[in-house]
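To start, the structure under review is shown below, and the notes come after it.
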Amino acid sequence: MKKYLFAFVCLFIFTSGIVNSYAQEGDEFLNAKIEAMEKQLQDLKEQFQKQQEISKVEKQEFLTLKKDLKGFAPGEGDYWAKKAFELQEKGLAPTFGKQYAKPFLRRFGRNTYVGGYMDHELVFDEGGNDFFDQHRLIPFIYSDVSDRIKFATEIEFEHGGTDGPGGVLGQSGEMKIEFATLDFLINDAINYRGGIILSPLGKYNLVHDSPLQDLAIRPMVNRNIIPTTLSEAGMGFFGTFYPTELSKLDYEIYLVNGFQALQDDGEQATSSAEGFIRSSRGSLKADNNTNFAVVGRLAYSPFLGLEFAGSFHTGTIDERNRNRQTIVALDWTYQKGAFELVGEMAKTMTDRDGTVSTGEEVSDLIAQDSFGYYIEPRYHFMPGLLQDIAPTFFNEFSTFTAVLRFGATDMGNFGYDKGKIRRTRITPGINYRYTEDTVFKAEYLINLEHGRELEEVSNNQLVFSVSTYF
């Protein structure tokens, strides 16, 4: 019995040692596993924290970009950014905007936006005048000074900005303030604006920026009848009404210095009949008479994608306030999918029997009635084959536009036997936008002359150009 008891005790001790040894090894293994898991957990925690920090940065960057793009409601700042984003948000073409239809993406300070645009042209002329032209460089500064005070300005450099004969084909360059306004926002229906105002005479004058347009050369009506770019010193009001849930009514009305074309001695601002209005366009400093001119525009949009408007400019143009000049205009903008149709017409009525009574030399340069218009259909497209072949160059933001403009001007009767000066221009063109802000254009201007004083000449042009916001 003792023998068996001793053997059992020895077996128990041996077995306990083995079990204890395995238990110790198991504890060490388990502790090692726990430590490994704790390390993995700590690594995961650190990675999660890093990811959280990255997410916060990305979120802040996203919110900043969103703020830059969309802005907030008037009364909370970022008015200009909001106005620019509204067009994108509604899917409207930039031609539905006004002077703030620009990519306000770059901010300086709290709420100041700095940018601009440029355009450069290569012209092949049938008359043999082939040339490059650094046509425009336009820096702009817009600022949300406060929730209700907004400031906007653009500075224009044309043909290099030289004051001498450094421009193209002997033209002098130009540097001027295109507009500089202070807006005081009251509510949707009425707001104040004062300064050098971009006149709301026709739509083209409000959205004339080169990157917004699908053709480089401006319509004839917007050179000889509505002298784009037309800026005048003055002040007035603008606002928006919403007659229905789908429609809106925009208006602008200002008192401005007006045109100054005739002096007491009968001298005029130009030696060219077609250049009469352009040479006497809006005064920034002071008019040559005591009467202000009035300029205004009323635009109605019955539904998203359609807008038509009427505008006018009227005021005396001589020192004795005897000769009145009135310009009336109609414009329209329509968009349905990839198709756009824009256009404008204008008529000028000018007195020439006050200071200029019967002076034939002077009256030869002043038309009683002038008329002009342009119609421009556009179609945007992007061949899928090009996107498949070169997706880097033809991405989701790229597009081609086919455009055809038909326009004409009739500068009316000049003098007693000079007849009419009538011109017609047909302009087919195509352009490529790598992004919405940068466009490469090609167009061919077919110029036709009519009237006894005009003979058909070789003056057609092939124009290549590039334009971009920056």
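The values are calculated or read from the model by the stated rules, or taken from the named source; none is laboratory data. Predicted model, so just to flag it, every value in this text is computed and none were measured. As a convention, Cβ positions derive from the backbone with ideal geometry for all residues, glycine included, and neighbour counts pool all protein chains shown. These accessible areas exclude ligands, DNA and RNA; they are computed on the full protein's heavy atoms, side chains included. Shrake-Rupley method; radii C 1.70, N 1.55, O 1.52, S 1.80 Å.
Summary table
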item	result
Residue in region 126-146 that is more than 22 Å from the chain's Cα centre (by Cα) and crowded, with 19+ Cβ neighbours inside 10 Å present	no
Inter-residue pairs, beta-carbon under 8 Å, first over 16 Å from Ile177 (Cβ atoms) and in a strand (DSSP E or B) and in region 142-163, second among the hydroxyl-bearing types (Ser, Thr, Tyr) and open to solvent by 30 Å² or more (accessible area, probe 1.4 Å), 6+ apart	Asp144/Thr112
Residues that are among the aliphatic types (A, V, I, L, M) and part of a loop (DSSP other than H, G, I, E, B), drawn from region 205-220	Leu206, Val207, Leu215, Ala216, Ile217, Met220
Search result, residues across region 368-413 that are of a type in the set (A, V, I, L, M) and modelled with pLDDT of 90 or more	Ile375, Met382, Leu385, Leu386, Ile389, Ala390, Ala402, Val403, Leu404, Ala408
Flag if Ile225 is within 24 Å of Asn323 (Cβ to Cβ) and at pLDDT below 95	yes
